[in-house]
Every structure is written in C-alpha cells, then in structure tokens.
Amino acid sequence: MKSLTLAACTFALATTAVAATASAAADLSVSTSAPSGVKYYDTATYRVSVKNVGNLTSSGGSLQIDLPRTATSPQVYTLGQVTALPPGCSLAASRITCSVASTKKGVTRNYDFGFKAPYSAGPITFSARIVPPGTADPASNNFTTRTLALSGHPTAVTLGAGYENRHCTG
C-alpha cells in the first residue's frame, strides 16, 4: 500500500512540474493612454506602454504606432502633425517605429509622442502594435487602438461680421 501511494504522489509532482515549465515565456502587451480635455489643433502628449506580462525576460521587439491618415489620393499623409517623437524612434509616412529593448518580467516601457489633431468629421484614431522577434509571443495583447476624444474651441460669433474659415483636409 505504502509504495503505491508514494508512486501516485511522485507522478502528480512530475505532472505539475511539466505544466509549470510549459507556461514559462515572455509576453509583451501594449496599451495606450491619452490626456482629457484636448481640443482640435492643440498639441497633446499621448503614451504607448509596452509591458512584459510574462514570467521570463523578453528579447525585445519593435513598436509600431500607426497615426491617423488622410483620405486623399493618390498620396496619403498623416491626418495631423507629430510634434515630438519618443527618444530613439523614427517617423516614416504615418508610422512611428521604436526599437523595444530586452524587457524583464513586470517591467513597463513608455513611449510618449506629441500630436496635433485637426478637426475631422469622422473619428481620429491611432493604433499601436508590438512586434516581438519570432512567433513565441501570443498576439492577443500585441495590438490596441485609441480614438481621440477631441472638442472644439469656443468661438464667439458677432452677427453681421464677415468670417473666413481656413481648413485643409490633407
């Protein structure tokens, strides 16, 4: 009897050890935050955060922030103006690209960029994606979008006065 119980107990411990080893991995997630009370054409700082929510150190990766684009043709431009880039990042067309260094478990890296959004009849949205090297990182938390909550500037209008509206869509 005693040897049978011991064998069953040993088997259970071995199974637990295998399950714990199989789930050990780095897992980079991406999230965004934005200030409140931002008006059209005001410069605001937006944050993209990359966090290692896994239980091993990540080998890094690439962060891609896709900015809103114009609906012009044949050339497409950024709908708005980038006023500041995170250190070590670059801007090409309407994408900010940042190299993400090796990141220990539980560590968050923040990437702040300045952006001036114009008035738009539709929503103004940007997206962020973390692209880890290889394919070991689950993709469910590697992508997010942020729709900017913008408001207009209050403007007093005098009856009978002449006004000129200057607005470029692209």
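Just to confirm a number: summing +1 for Lys and Arg and -1 for Asp and Glu over residues other than residue 30 whose beta-carbon lies under 9 angstrom from that of residue 30, what do you get? After counting each charged neighbour, the total is +2. Label reach from residue 108 (point 7 Å along Cα→C-beta): in the stretch 35-74, amide nitrogens under 13 Å belong to 47-53. Counting charges near residue 65 (Lys, Arg +1; Asp, Glu -1) among other residues having Cβ under 14 Å from its Cβ returns a value of +4.
May I ask for the net charge around residue 89, where only other residues with Cβ less than 15 Å from the Cβ of residue 89 are counted and Lys, Arg are +1 while Asp, Glu are -1?
+2
Since every read-out is calculated from the coordinates, none of them should be taken as a lab result. Please read these numbers as outputs of a predicted model, since none were measured by experiment. Heads up, the Cβs are rebuilt from the backbone with ideal geometry, glycines too, and the neighbour counts pull from every protein chain shown.
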